[in-house]
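A.B. asks: Below is a structure I'd like to ask you about.
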Amino acid sequence: MSELKLPSIDYAALAPILIMLGAALVGVLVEAFVPRHRRHVVQLSLALLAVLAALTMVVLNSDDRLITAGSAIAVDGPTLFLQGGILVLAAMALLLIGERAVERGGAFVAHAAITAESAEDRRQADGAGGTTEVYPLVTFAIGGMLIFVAANDLLTMFIALEVFSLPLYLLCALARRRRLLSQEAALKYFMLGAYASAFFLFGVALIYGFTSGIPGRSAGVDFATINAAVNESPASRVLLFAGMALLAIGLLFKAAAAPFHVWTPDVYQGAPTPVTGFMAACTKVAAFGALLRVFHVAFASASWDFTPVLGIVAVLTMLVGAVLAVTQTDIKRLLAYSSIANAGYLLVGVLAPSKDGLSGTMFYLVAYGFSVLAAFAVVTLVRDGDGEATHLSRWAGLGRRSPFFASVFTFILLAFAGIPLTSGFTSKFAVFGPALAEGRAWLVVAGVLTSMVLAFPYLRVVVMMWLSEPGESTPTVAVPGGLTAAALMIGVVATLVLGVAPAPLLDLATGAAEFVR
Amino acid sequence: MGEILTNAPAEPAGAVTYATADGLLASVWLLVAIPLVSAAVLLLLGRRADRWGHWLGVSAIGVSFVLGLVSFFQLRGLENKSVELSLWDFITVGDLRVDFGLLFDPLSALFVLLITGVGFLIHLYAVEYMSHDGGRRRFFGYFNLFVAAMLLLVLGNNYVMLYVGWEGVGLASYLLISFWQDRPSAATAGKKAFLMNRVGDAGLAIAIFIMFATLGTTQYDEVFSNVGALTGGTVLVLGLLLLLGATGKSGQFPLQAWLPDAMEGPTPVSALIHAATMVTAGVYLIARSNPVFSANTTLQLVVVSVGALTLLMGCIIGAAKDDIKRVLAWSTVSQIGYMFLGVGLGGGAYALAIIHLLAHGFFKANMFLGAGSVMHGMKDQVDIRRFGGLAKHMRTTWLTFMMGWLAIIGIPPLSGYFSKEPIIAAAFGRDDWTAWLFGGAALLGAGLTAFYMTRLFVLTFHGPKRWTEEIEHPHESPKLMTVPLILLALGSIGAGFLLSTSVPDWLTATAGLGGEHAEHETVLPHIVITTLSLLVTVLGVGLAWFLFRNGTATAPQPAGVLVTAARRNLYTDAFNEAVFEKPGIFLTRALVFLDNRGVDGLVNGLAAAVGGGSGRLRRLQTGFVRSYATSILTGALLVVAAFLAVQAGWLA
């Protein structure tokens, strides 16, 4: 038996991941040992501190360009940029999750067996401040996402996928109000997610088969091997294309691209709103980070083959998202379809095989994350006696009742619609520009046309808020607590600043737009 | 005729250079800024400024006048009498660089003095005239805005600045014509003025585009220095478009119809904007652009023809009108026709036109304010058939109006004699048979002017009383109104002589306006022309006196073809209505129909298709995991199939 050789591990480069996972483990211990009434503060501070520490490590590592832990993890420009993006957006999401002032006991179920707003529920909310298991779950999910964008082989990627997906399934089920909807959403997400994972795993198996038989190289699922195999493998190309298709399906499911988007509206609607925001911002970054790495590193040489297929998927995604958004009557479902359409625009960036395309996509991810978190932050505030009032008809006349929040939401919607002076414009420009330069004009045309369609539902909300008379049922806007206010302000200011002066972040993204291979 | 229509440059354009403004002249921007700030204060403060707002307005113009006077004397002492002050880059896009700069030269200095001087007197008059109007502060706000825009127009050092001022005065004019916006006639008149001006403004804008396209600049000095390099056709088009702009603003044929209607505004507005200053902007534009117009003889012929035609039209229509302000308005149209005639003749006649412009500013403002004074005493009656015998009741108004009347018909030694007669003589100085044509028109115009102005004067101040019942005792206007009248009357008496002896020399410093002062060979001896023009004037006066000394009927009488035509503005309004308005309305209806059925149908159809598609697709979103899984499976099969198809070479 030969001696097992341990791979060298660069702990500094892995530090952000290790910090998040470590914090999650500590969080589990906190659940076990800290008294119930103090857990909320401790857990929130622990999670935020961990995010900050991880972010600090990302900044300190910003010059790293290496592959470590065997060939499992690649720490390079895109990894660091996207990890940074995930951490910043996750911090905002944590602020929303930690909010306890808007609703006593927070947005999360305290005890699943107790009816919301019953006497017992209130007593529990006063004492315990809602479920605090949320924080370790979120921290685990963040850790998984950090690995997901850094994964340098398909197995690590698969494990990371599961690490961040499983906590998300749970988080979706934790809504305090409309609990059945929430649990149904979680179950759907779990079942379909497992289904998609199976596709991914099958794809990994086929690719593994494809890599075998290259002279002088052992079979493997790390990206360097796959890249080499695409060029020189003697195995049947059917294996490659079937494997690539199945891998793509697994990733496109997470990215919410049509026709694998079907879970999105139900889950976005059912999940507690802060978790929806977290998924819309961070999961999107993670999923597209992985897509970028798989298609730009592993399958780069096959780009002539996958571009038409993924291009059709992109167009379909934009169309489905935009067209279906038109008839939505629930603000969370509307934002879900908007997020689907945005996945289509992001795919346009993924399919522009240039440095600019890569940096534009990364810029888009971060800019969109800020806007979408701000949007969901506003959604958490518009409420009546039964919790959030998400039906659109209830938003009529909101501009008269609370001009400030209606203005903020209008601004965010204009950003989604891609109006200049908002990040929505600069980020669309950042992905469409390179796509056009790389000869993907048809994708850009589809993108612009669907943007026009998509502007309609956004403007419908704006018109409804400002030009309708407030009715009996128009809800009031709750005064946000400090945490929500902070998250909202960060999101709105970032949307504005990235729209007016996008150069610093774009330069950062351009400087980071180089994969190690 | 062939010789006239050649496109050859009439005289080569020399290089034009401007000195930099320094010292006291560096503050000429204050001329524009002071009225502008005052306007902003008046309009923004709202009712809080009601009590003192009018005095702020008056003093702003007064200060501007003093500043203008000081700058004027400063300029006199300079070697190069054209100073430029570049404030900042206004527009910088690619090759287009437009300076936010001012040019203070003899021509603009004269205009500054006219605008602020006459403007100050009219402001003063308006304090009293508008004292019973609730909107007096707003009125002074618009008035100051007008002065600021007009000063910017004459002070800009490039065509874009001129255009900014041009649109600014257009706006102020619109706001002031429809100042009493609750009167439908005032609102309509404002719209009419605005729309007709747009036609001219479009011409000016296109002219500026052409300058940029062909010369790459809109700065006066660069345009004038390089205009000689352009082809004759380009210069012709450029000049015609500038002329279109000028005719729009100055109420010249074919865009004259708005000016008489503009009299719906308060009388001080008619005096300041629609008699003394704004309507002369067209003359300023042509005088300023003289290197362009002098570069093409055809262009000059067009300008002369426009001037001659308009001056006769104005006289004929003016003789048939019964509204005191409309008669004066048509008289303005006619007098500006003289100025166009002058600037069209070119050479030394530029200066003559400017002299007439300045002199006209005095006597026409004088008569408009006099008309206002009459209306003030007669309960806003404007029909001259219902006046008569007012000389005894309004001595000051009568005397000052008389000075204006004598001045406009050109009785020596009042100012009209010194300003109009030389233009008539210059028209006779053309080289060929057109001398007879244009000289004859100018001479005929002088006789007609004498006729209709005498008719106006006699019917208003002399003859039997024909007042309406409710008026028992007409009163003279208060001091605040008569003092400006007296000052303007003095101007009407003396300005002509003073100007005709000093302005031509003064203007030589402005690029291209020097011209040769050598007497042109006229087709008739100069003394004969002078005698003739005095003769037709006396004839006109005598005829009008004979016809109207005993008053006139108080209702319109049936009349012959010519008088009927004149009462209907020579059918120009009917022509406009038939040729532009009716087809315009038809075109609009057709477009609305096309828009409703075609464009909207397409758009709504698309929207309905999207909405319908959305509604159908929504049904796929059943909420059942099994159907979601099926949809994902279908998608997966399709994607795998597509990849395999690519691999098999079917898709790539």
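Values quoted throughout were computed directly from the atomic coordinates according to the rules given, and no laboratory measurement underlies them. What you see is a predicted model; the values in this text were computed from it and never measured. Neighbour counts are summed over all protein chains in view; Cβ atoms, including those assigned to glycine, are modelled from backbone coordinates with ideal geometry.
A.B. asks: Note down the nm distance, to one decimal, between modelled labels 7 Å out along Cα→Cβ at B:Leu543 and at B:Ala645.
C.D. replies: 9.2 nm
A.B. asks: What Kirkwood Rh does segment B:358-433 have if only Cα atoms enter the pairwise 1/r average? Answer in Å.
C.D. replies: 14.0 Å
A.B. asks: To check you understand DSSP bridge types, tell me what percent of the beta bridges within the protein assembly as shown (both residues inside) are antiparallel, rounded to 5.
C.D. replies: 90 percent
A.B. asks: To continue, here is another question. Where a ≥ b ≥ c are the square roots of the eigenvalues of the C-alpha gyration tensor, would you call segment B:266-326 rounded, which needs a/c under 1.5, or, failing that, prolate if a/b is larger than b/c, or oblate?
C.D. replies: Values: a/c = 6.78, a/b = 1.59, b/c = 4.26.
It is oblate, given that a/c is not under 1.5 and a/b is not larger than b/c.
A.B. asks: Something else: Rank these for me by crowding, B:Ile529, B:Ile486, going from fewest to most other beta carbons within 10 Å.
C.D. replies: B:Ile486, B:Ile529
A.B. asks: Limiting things to C-alpha atoms, what are the Rg and the maximum Cα-Cα separation (Dmax) for chain A, in angstroms?
C.D. replies: Looking at chain A, its Cα Rg and Dmax stand at 22.3, 80 Å.
A.B. asks: Which value, to two decimals, describes the C-alpha radius of gyration of segment A:189-266 once divided by 2.2 N^0.38 Å?
C.D. replies: Working: Rg = 14.3 Å, N = 78, 2.2 N^0.38 = 11.5 Å.
Computed over Cα atoms of segment A:189-266, the ratio equals 1.24.
A.B. asks: With equal scatterers on the alpha carbons only and no solvent term, can you work out the Debye log10 of I(q)/I(0) for segment B:576-647 at 0.16, 0.19, 0.27 1/Å?
C.D. replies: Normalising to I(0) and taking log10 leaves -0.79, -0.88, -1.06.
A.B. asks: Which ordering of A:Ile86, B:Ile384, A:Ile114 is given by a fewest-first count of other beta-carbon atoms within 10 Å?
C.D. replies: Numbers: A:Ile86 34, B:Ile384 24, A:Ile114 18.
Going from least to most buried by this count: A:Ile114, B:Ile384, A:Ile86.
A.B. asks: Mind checking which aspartates and glutamates have their Cα closer than 15 Å to the Cα of B:Lys325? Skip sequence neighbours fewer than 8 apart in that chain.
C.D. replies: Filter leaves B:Asp261, B:Glu264, B:Asp380, B:Asp383.
A.B. asks: With a 10 Å Cβ neighbour count serving as the proxy for reagent exposure, in which order, fewest first, do A:His391, B:His123, B:His475 appear?
C.D. replies: Ascending number of Cβ neighbours within 10 Å: B:His475, A:His391, B:His123.
A.B. asks: For peptide B:629-638, what's the mean number of Cβ atoms from other chains within 10 Å of each residue's Cβ?
C.D. replies: Per residue, the number of nearby Cβ atoms from other chains is 6 on average.
A.B. asks: Find me the longest stretch of chain B that has none of the exposed GluC sites (Glu not before Pro), where exposed means in a DSSP loop (not H, G, I, E or B) with at most 11 other Cβ atoms within 10 Å.
C.D. replies: Between exposed loop sites, the widest span is B:80-468.
A.B. asks: So for segment A:350-402, taking the charge dipole from beta-carbon charges (+1 Lys/Arg, -1 Asp/Glu), which of A:Thr361, A:Ser402, A:Val382 sits furthest toward the positive end?
C.D. replies: So the residue we want is A:Ser402.
A.B. asks: Divide by every residue of chain B the summed helix terms, -39500 (n - 2.57) for each DSSP H run of at least 4, and state the resulting mean residue ellipticity at 222 nm, rounded to the nearest 500 deg cm²/dmol.
C.D. replies: -22500 deg cm²/dmol
A.B. asks: I've got another one for you. Using the structure shown, list the pairs from A:Lys284/A:Lys428; B:Lys420/B:Lys479; B:Lys249/B:Lys420; A:Lys254/A:Lys428 with a Cα-Cα distance above 25 Å, or answer none. Could you put the intermediate results ahead of the total?
C.D. replies: Working: A:Lys284/A:Lys428 16 Å; B:Lys420/B:Lys479 32 Å; B:Lys249/B:Lys420 22 Å; A:Lys254/A:Lys428 21 Å.
In this structure, B:Lys420/B:Lys479 lie more than 25 Å apart at Cα.
A.B. asks: Let me ask something else about it. Over all pairs of distinct alpha carbons, what does the Kirkwood formula give as the hydrodynamic radius of the protein assembly as shown, in Å?
C.D. replies: Evaluated over the protein assembly as shown, this radius sits at 35.7 Å.
A.B. asks: What FRET efficiency, computed as 1/(1 + (r/R0)^6) with R0 = 25 Å and r the Cβ-Cβ distance, is obtained for A:Arg217 and A:Val238, rounded to the nearest 0.05?
C.D. replies: The pair A:Arg217/A:Val238 has a calculated efficiency of 0.75.
A.B. asks: May I ask for the Rg/Rh ratio of segment A:237-383, computed from Cα atoms with Rh as the Kirkwood radius, given to two decimals?
C.D. replies: Radius of gyration over Kirkwood radius for segment A:237-383 works out to 0.99.
A.B. asks: Quick one: if the Förster radius is 25 Å, what FRET efficiency do A:Ala441 and B:Leu606 give, using the C-beta to C-beta distance and rounding to 0.05?
C.D. replies: Using R0 = 25 Å, I get an efficiency of 0.70.
A.B. asks: If you don't mind, another one. Checking the cross-link filter: which aspartates and glutamates have an alpha carbon closer than 16 Å to that of B:Lys582, excluding same-chain neighbours under 8 positions apart?
C.D. replies: B:Asp573
A.B. asks: Can you give me the angle between helix B:625-647 and the longest principal axis of chain B, using Cα atoms only, in degrees from 0 to 90, rounded to the nearest 10?
C.D. replies: Result, in degrees: 90.
A.B. asks: Can you classify segment B:19-567 as rounded, prolate or oblate using the Cα gyration tensor, where a ≥ b ≥ c are the square roots of its eigenvalues, rounded means a/c under 1.5, and otherwise it's prolate if a/b beats b/c and oblate if not?
C.D. replies: oblate
A.B. asks: Within 10 Å, count the other beta carbons around each residue, average over each peptide in B:396-403, A:500-507, and list them highest first. Let's see the in-between values first.
C.D. replies: Numbers: B:396-403: 22.1, A:500-507: 15.0.
Sorting B:396-403, A:500-507 by mean packing, highest first, produces B:396-403, A:500-507.
A.B. asks: Given R₀ = 25 Å, FRET efficiency for B:Thr20-B:Thr501 by Cβ-Cβ distance, to 0.05?
C.D. replies: Details: r = 31 Å, r/R0 = 1.25.
With a Förster radius of 25 Å, E is 0.20.
A.B. asks: By per-residue mean of other Cβ atoms within 10 Å, what is the highest-first order of A:95-102, B:603-610, B:387-394? Don't skip to the end; give the middle numbers.
C.D. replies: Values: A:95-102: 22.8, B:603-610: 12.2, B:387-394: 19.8.
Per-residue Cβ counts within 10 Å, averaged per peptide and sorted highest first, yield A:95-102, B:387-394, B:603-610.
A.B. asks: Using Cα atoms only, what is the angle between the long axis of helix B:297-320 and the major principal axis of chain B, expressed in degrees (0 to 90) to the nearest 10?
C.D. replies: In chain B, helix B:297-320 runs at an angle near 70 degrees to the longest axis.
A.B. asks: With angles folded into 0 to 90 degrees, how steeply does helix A:303-326 sit against the dominant principal axis of chain A? Use alpha carbons for both and round to 10.
C.D. replies: Its long axis makes an angle of about 10 degrees.
A.B. asks: If you take each beta carbon of peptide A:191-203 and count the beta carbons of other chains within 10 angstrom, what is the mean?
C.D. replies: 2
A.B. asks: Another question, if that's okay. Which of the pairs B:Lys191/B:Lys364; B:Lys379/B:Lys465; A:Lys188/A:Lys332; B:Lys191/B:Lys321 have their Cα atoms more than 19 Å apart in this structure?
C.D. replies: Flagged as over cut-off: B:Lys191/B:Lys364; B:Lys191/B:Lys321.
A.B. asks: Further question: Report the full-extension gain for the segment A:Ser407 to A:Ser393: residue separation times 0.36 nm, less the Cα-Cα distance, to one decimal in nm. Before the final figure, lay out the partial values.
C.D. replies: Numbers: separation 14, 0.36 × 14 = 5.04 nm, distance 1.78 nm.
Full extension from A:Ser407 to A:Ser393 adds 3.3 nm.
A.B. asks: Once the convex hull of the C-alpha atoms of segment A:1-124 is built, how many Å³ does it hold per residue, rounded to a whole number?
C.D. replies: Output value, Cα hull per residue: 154 Å³.
A.B. asks: So which chymotrypsin sites (Phe, Trp or Tyr not before Pro) in segment B:39-129 pass both tests, a DSSP loop state and at most 13 other Cβ atoms within 10 Å of the Cβ?
C.D. replies: Values: sites: B:Trp52, B:Trp55, B:Phe65, B:Phe72, B:Phe73, B:Trp88, B:Phe90, B:Phe100, B:Phe104, B:Phe111, B:Phe120, B:Tyr125, B:Tyr129; in loops: B:Trp52.
Answer by residue number: B:Trp52.
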